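Written below as structure tokens is the structure these notes are about.
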Amino acid sequence: MEGRVIAAHGRQYIVELADARRLSCFPRGKKSDVACGDRVNIQQTADDQGVIEAIEPRSSLLYRSNEIRQKLIAANVDQLIIVVATEPAFSDELISRALVAAESEEISALIILNKCDLTDRLAGARQRLAVLAAQGYRVLELSARDHADDLRPWLAGQTSVLVGQSGMGKSTLVNALIPEARAATREISLALDSGKHTTTHATLYHLDADSHLIDSPGLQEFGLGHLDRQEIEIAFPEFRPFLGKCRFRDCHHHKEPDCALIAAVDAGHIDKARFAIYHRIVGNQRDN
Ligand SMILES: Nc1nc2c(ncn2[C@@H]2O[C@H](COP(=O)(O)OP(=O)(O)OP(=O)(O)O)[C@@H](O)[C@H]2O)c(=O)[nH]1
Ligand SMILES: [Mg+2]
Ligand SMILES: [Zn+2]
């Protein structure tokens, strides 16, 4: 039988079949490289249980990785939605890393600035996101508490995944759009005190027959150890006009003479902070 993974809790997966029945499944063998959103072949072993025999080829796979291991975020998504908020503070580097992941999987990206009802830090947040909007990324301002519906047109006909730091309001958005989801949400102060993320595993919810939304646990890091230098530099849209124009073909855009990217930074065509983030991602820190 074929089904789709709609929840991934460690090695246990909830698989939804074509007739909407849901089975609790384990993968065959030790390795567990199944992600929420995966299309799988299963063998039913009991009324409500099954074994995952195979994973169908994926149209996309979002994951993060460090030297030791990789963590799957979601499979077969069309759109990555990065959720930040006016508060708590968000990381520009995390956003850029998520954008690189989306570019490398060739899926579209949307940035949401949530909690716009909290106006104290709204102007500052807007200003930081303007750098990304200038690169052509779509930035949508909203408040999950009172007008989450603004997001609905952006979700139509696609499978989207919400990612971002803990407390940004991803699950609140899910509940606002899909009340029957009843995803757990928590006051930030409580969440920070416990040191835990409120959402503990990825879950796929249906908006309608062909629009789906995946909620994922908050993340603090977005390791991109699986990408090489070329893949990372091409994932910065504002670098593209300058790539291939450095004096050295294998230029690291670090301290080399006649580097087209460094010249573009100096001329104000590339944002300094984004350039610094690029260097942190590829792992050669620049000193200025
Ligand atoms: N004022 C305001 N608060 C919001 C808004 N959206 C979410 N919150 C609050 O922010 C807190 C965190 O929201 P969650 O939805 O649990 O955050 P999350 O991103 O799912 O967090 P993790 O599951 O830990 O990754 C909750 O107390 C929400 O009520 C909003 O638009 N405005
Ligand atoms: Mg959550
Ligand atoms: Zn260069």
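Let a ≥ b ≥ c be the square roots of the eigenvalues of the Cα gyration tensor of the stretch 1-140; is it rounded (a/c under 1.5), or, if not, prolate (a/b larger than b/c) or oblate?
Prolate.
Any idea which of L23, N66, A46 is furthest toward the positive side of the dipole for the stretch 10-67, if Lys and Arg beta-carbons carry +1 and Asp and Glu beta-carbons -1?
Sorting the options by dipole projection puts first N66.
What residues qualify as long-range amide H neighbours of L140, i.e. H under 5 Å apart, gap of 5 or more or another chain, H built at 1.01 Å from N?
I111, I112, L113
Tell me which residues come under 5 Å, amide H to amide H, from A202 once H is placed; ignore anything under 5 positions away on its chain.
Here the answer is A8, since their amide H atoms fall under 5 Å of that of A202.
Dipole of the chain, Cα-centred, from +1 at each Lys and Arg C-beta and -1 at each Asp and Glu C-beta, to the nearest 20 debye?
Dipole about the Cα centre, nearest 20: 620 debye.
May I ask you to evaluate 6.51 cos²θ - 1.76 cosθ + 1.60, the Karplus curve with θ = phi - 60°, for each residue of the stretch 117-132 and list the ³J(HN,Hα) values in order in whole Hz, giving x for glycine and proline?
For the stretch 117-132, the Karplus curve yields 6, 8, 8, 3, 10, 5, 4, x, 5, 4, 4, 5, 6, 4, 4, 6 Hz.
Report in % the part of the accessible area of the stretch 2-55 that belongs to carbon and sulfur, leaving out ligands and nucleic acids; probe 1.4 Å.
Roughly 47 percent, rounded to a whole number.
Could you pull out the chymotrypsin sites (Phe, Trp or Tyr not before Pro) across the stretch 136-228 that fall in loop regions by DSSP (anything but H, G, I, E, B) with no more than 13 other Cβ atoms inside 10 Å?
Counting only loop positions with at most 13 other Cβ atoms within 10 Å, none of the chymotrypsin sites (Phe, Trp or Tyr not before Pro) in the stretch 136-228 qualifies.
Rank V139, L173, T203 by how far each Cα sits towards the positive end of the charge dipole of the stretch 134-288 (+1 on Lys, Arg Cβ; -1 on Asp, Glu Cβ) and give me just the farthest.
Going by the Cα projections, it comes out as V139.
Go through the stretch 152-159 residue by residue and turn each phi into a ³J(HN,Hα) via Karplus (6.51, -1.76, 1.60, θ = phi - 60°); whole Hz please, and just put x for glycine and proline.
3, x, 6, 9, 4, x, 9, 9
From the helices alone, meaning DSSP H stretches of at least four residues, give me the mean residue ellipticity at 222 nm for the chain, per-run term -39500 (n - 2.57), in deg cm²/dmol to the nearest 500.
About -6500 deg cm²/dmol.
If you put +1 on each Lys and Arg Cβ and -1 on each Asp and Glu Cβ, how big is the dipole of the stretch 2-55 around its Cα centre, in Debye rounded to 20?
Once rounded to the nearest 20, the dipole reads 240 debye.
Keeping all protein chains in place, calculate the accessible area per residue for the chain (probe 1.4 angstrom), answer in Å².
Details: 14420 Å² over 288 residues.
In whole numbers, the chain has 50 Å² accessible per residue.
Please report the carbon-and-sulfur percent of the accessible area for the stretch 137-259; probe 1.4 Å, protein heavy atoms only, DNA, RNA and ligands left out.
Carbon and sulfur atoms account for 50 percent of the accessible area of the stretch 137-259.
Rounded, prolate or oblate: which fits the stretch 229-282 when a ≥ b ≥ c are the square roots of the eigenvalues of the alpha-carbon gyration tensor, with rounded for a/c under 1.5 and prolate only if a/b beats b/c? List each step's numbers first, then the result.
Working: a/c = 1.34, a/b = 1.09, b/c = 1.24.
Rounded, because the longest to shortest axis ratio a/c is under 1.5.
Would you grab the residues whose amide H sits under 5 Å from the one on G50? Only those 5+ places off in sequence or on another chain, please, with H modelled 1.01 Å from N.
Counting only residues 5 or more places away or on other chains, the set is S24, C25, F26, T45.
Give the residue from L227, I55, A109 lying farthest towards the positive end of the charge dipole for the chain; charges sit on Cβ (+1 for Lys and Arg, -1 for Asp and Glu) and the dipole is referred to the Cα centre.
Toward the positive end, the furthest listed residue is L227.
How large is the Kirkwood hydrodynamic radius of the chain, counting all unique pairs of alpha carbons, in Å?
20.2
The values are calculated or read from the model by the stated rules, or taken from the named source; none is laboratory data. Please read all numbers here as calculations on a predicted model, not as lab measurements. With ideal geometry, Cβ positions are generated from the backbone for all residues, glycine too; neighbour counts draw on all protein chains shown. Areas reflect the complete protein model, heavy atoms only, side chains present, ligands, DNA and RNA absent. Shrake-Rupley method; radii C 1.70, N 1.55, O 1.52, S 1.80 Å.
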